[in-house]
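The structure appears right after this line, and notes come after that.
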Amino acid sequence: MLVSAALLTSCAGCSNNTAEEDEITEDSLVWYPGRTFSYKLKFNDLQSKQHAVASRIGLPRPPKDRKDAANMRRQLVEISSNDNYIVDSLTHSVPYLIPSAARELDAIGAEWADILARNSLPHYQFYVTSVLRTEEDIKYLQRSGNINSVTQSCHCYGTTFDLAYMRYHKVTHTREYMHEDNLKLVLGQVLLNHQRAGKIYVKYEWKQSCFHITVRE
């Protein structure tokens, strides 16, 4: 029996899949056996708390535009897609973070990959959907009336990034696949580990379908 279209959304974007892999059945569905928890309750680090640390350890000001961000080489690290995550097509931010935030993003990716591998699950990449906002980005968002257009956003400091929790890209070419809700649990478990270790603050943004993350040091 073929699975419904809803169950196939976790494989969206798998452009390299073969025709055989596309014929996924319910028997091909595999699961991470982690314990579920309330994202809303666990990931409730408020904007005020995140902003306090972002303004303390991050950039003294947002870059004016993309060119300005590229010139801030001593303060910022450019991030790019790798085996564990995909930097999305950023329309209102630029792919730069302060070094400690870039290292933390890579550490999250490494632990994500380790959990999948240890549980003999197919490998997926998660999506980074928002990173550093320039003054130009902020003005554009304000003109568009976007709810994320606050001038003092944590995204202005290079300390903060958003991870989508309902979109993933399947890398391994097998018929086995995971539902996006279960992949969300894997990513949530990684973030919970890092939050408990005092490395990050996390806010569950259900309207934007993302985890809003600020590095703490």
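Remark: pairs (first residue in region 203-216, farther than 14 Å from Q47 by Cα; second residue β-branched (V, I, T); Cβ separation under 7 Å; 6+ apart in sequence or on different chains) = C210/T129. Residues in region 40-84 that are in contact with a His (Cβ under 9 Å, 6 or more places away or on another chain) and over 20 Å from E217 (Cβ atoms) were compared, and the one that is surrounded by the most Cβ atoms within 10 Å (Cβ to Cβ) is P62. The condition of being in contact with a Pro (Cβ under 8 Å, 6 or more places away or on another chain) and polar (S, T, N, Q) does not hold for T91. The residues of region 32-60 that are farther than 30 Å from R118 by Cβ, part of a loop (DSSP other than H, G, I, E, B) and without any contact (Cβ under 8 Å) to a residue 40 or more places away in the chain amount to a single one, P60. For region 88-119, the set of residues classified as within 23 Å of I57 (Cα to Cα), among the β-branched types (V, I, T), out of contact with any Leu (no Cβ under 6 Å at 6 or more places or on another chain) and not in a helix (DSSP H, G or I) consists of I98 only.
If you go through region 87-119 and keep only what is small (G, A, S) and touching a residue at least 40 places away in the same chain (Cβ under 8 Å), you end up with S93, S100, A101, A107.
In this structure, does Q142 turn out to be surrounded by fewer than 23 Cβ atoms within 10 Å (Cβ to Cβ) and touching a residue at least 12 places away in the same chain (Cβ under 8 Å)? Answer is no for this residue.
Checking each residue in region 11-59 for being in contact with a strand residue (DSSP E or B) (Cβ under 8 Å, 6 or more places away or on another chain), among the polar types (S, T, N, Q) and either modelled with pLDDT of 95 or more or more than 30 Å from T174 (Cα to Cα) (or both) picks out N44, Q47, Q50. Only one entry in L163, L105, L116 is more than 14 Å from the chain's Cα centre (by Cα) and either buried (at least 20 other Cβ atoms within 10 Å of the Cβ) or hydrophobic (A, V, I, L, M, F, W, C) (or both), namely L116.
Condition check for V190 on (1) β-branched (V, I, T); (2) modelled with pLDDT under 95; (3) assigned to a helix (DSSP H, G or I); (4) farther than 17 Å from L90 by Cα: one failure, at (2). Right, S93: crowded, with 17+ Cβ neighbours inside 10 Å, of a type in the set (G, A, S) and either modelled with pLDDT of 95 or more or under 15 Å from the mean Cα position of the chain (by Cα) (or both) or not? For S93, the condition - crowded, with 17+ Cβ neighbours inside 10 Å, of a type in the set (G, A, S) and either modelled with pLDDT of 95 or more or under 15 Å from the mean Cα position of the chain (by Cα) (or both) - is met.
The values are calculated or read from the model by the stated rules, or taken from the named source; none is laboratory data. Given the structure is predicted, the values throughout are model-derived calculations rather than measurements. Here the Cβ is made from the backbone with ideal geometry for all residues, glycine too, and neighbour counts use every protein chain on show.
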